[in-house]
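These notes concern the structure reproduced below.
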There are 2 protein chains.
Amino acid sequence: MASPLDIQDDTLTERQQAVLDAVLALMVEQGGELTMNAVARRASCSKESLYKWFGDREGLLTATVRWQASKVRAGNYDRTRLDALALRDSLIRFAVNWLGVISSPTSIALNRVAIAQSGGGARTPGEGASLGAIMLANGRFAIGARLKPVLDAGREAGLIVFDDTETAFRSFIGLVGRDVQIRLLLGDTLNLTPAEIESDAARATDQFLTLYGTGNPLPERSKINA
Amino acid sequence: MASPLDIQDDTLTERQQAVLDAVLALMVEQGGELTMNAVARRASCSKESLYKWFGDREGLLTATVRWQASKVRAGNYDRTRLDALALRDSLIRFAVNWLGVISSPTSIALNRVAIAQSGGGARTPGEGASLGAIMLANGRFAIGARLKPVLDAGREAGLIVFDDTETAFRSFIGLVGRDVQIRLLLGDTLNLTPAEIESDAARATDQFLTLYGTGNPLPERSKINA
DNA sequence: CGAGAACCGTAACGTACGGTACGGACCTCT
DNA sequence: AGAGGTCCGTACCGTACGTTACGGTTCTCG
């Protein structure tokens, strides 16, 4: 998984970035059914330019995924002054951010396209990686790489305990995300308000700390079983 | 959500069922790119019969989803003799079954098709419900309706405590499923062995009981933080 | 000012696919 | 045996879409 899926040269003209934004907007408001004609019309550019810049349709999609990924990357979560409260705060902020991302129309549309294309079975040998792999590298795995240092720091500080960071991380995102992503992808209108996201993030974090905490000052039990 | 999405008349000829099984096989081994020609060839039937039996392409897909759903429906989980061990056992059995379903190639392929089609934005007014809605009704919500009585019985027996059954249920499936489904849908080759499924189910169940249990005989803590 | 490049809008081409029509084989019932 | 129905295999039609080609316009640079 050390392939260069998560890096990009960012050699993109302003114009090209505008085109990719148009693709994103089109994906969001019109679903995965995305034609080159529609993109050209929406972006007010010629199809010739589209093919000149991105090669073919798959190249355009790939560039769009990478472009969105480059916009989502948020700052790391600091692990200075790690007491129980700071850890809880970091986890909650992470959960809020992640829930906001996966429930955003852009993320949903992009995942839809990647999933639809990811089923194309027999991939020709020379062909580049599927969109699904790019989504995983920039989404799920990038997220993990960002949060795991926080968990490790929490363990070193004696606030939480676990054997495998990966397992702990997966339990956390399970508690945070639950069935949100699959339901949204299947078209469930599950509009999460910012307040719900905030409370879900806090509930999941407290549940996680109940499971993996060492018993340092934690919120009382009644708030967990919402 | 009381729409007749989860019932079907099952007025299907043996021949038609064979056709739908061919569709499923084709979806699994060839991904979502499914053409009527390929189905006819694979099922050794004429396209004319396809259209006669299922109306159009969407009808064929819908019938396929319903057909698969009708095959997956498992028996209810008995809630007789409910002590802590029996509850734990029921939850583990449920988790094993569900993990097996969502990680099966058939389920993945079907979800892929439903998700791809579910993005088709502007649905014509007269048109039937999307495949995504059918998948949700027969998958996620049917599962919930099947497990919630178990949870409620556990609560009535004083073994677990929660305010909202739905919230407790969602926490449970979050702990069980974690990121498995989205990763598989995006093409991650995450081949779960039966042994892993079994241990994941036990871990998730014990975590759930740690969060929602009332303190009755539960497995010791060390086994939870695997 | 003039040559060249970049780009927009549109037209054209080839293919793939959803949907329909037709001929022939088999099976059933009388 | 013959009529009617069901179904398979194949050919066919219309359209949509990816991709390419071309004329016209604007911008850049000498």
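The mean count of C-beta atoms from other chains within 10 Å of the C-beta of residues in A:167-177, rounded to a whole number, is 5.
Ranked from shortest, the separations from the 7 Å Cα-to-Cβ label point of residue B:36 to its equivalents in the other copies are 2.6 nm. Applying 1/(1 + (r/R0)^6) with r as the Cβ-Cβ distance of residue B:198 and residue A:163 and R0 = 22 angstrom yields a FRET efficiency of 0.75.
Distance between the 7 Å Cα→Cβ label points at residue B:71 and residue A:72: 3.3 nm. Taking all Cα pairs closer than 8 Å and separated by 6 or more residues, the relative contact order of the range A:14-70 comes to 37 percent. Remark: relative contact order (the range A:77-223) = 36 percent; criterion is Cα-Cα distance under 8 angstrom and separation of 6 or more residues. Summarise the partner chain shielding of A:132-142 as one whole number: the mean count of Cβ atoms from other chains within 10 Å of each residue's Cβ. Mean number of neighbouring Cβ atoms from other chains: 3. Each label point was placed 7 Å from the Cα along the Cα-to-Cβ direction; for residue A:214 and residue B:17 their separation is 5.9 nm.
Distance between the pseudo-spin-label points of residue B:152 and residue B:93 (7 Å out from Cα toward the beta carbon): 2.0 nm. Using a cut-off of 31 Å between Cα atoms, the listed pairs B:71/B:148; A:52/B:47; A:47/B:47 include A:52/B:47; A:47/B:47 as exceeding that distance.
Taken together, the values in this text are just the output of simple stated rules run on the coordinates, not laboratory data. If you're wondering where the values come from, they're calculated on a predicted model, not measured in any experiment. Here the Cβ is made from the backbone with ideal geometry for all residues, glycine too, and neighbour counts use every protein chain on show.
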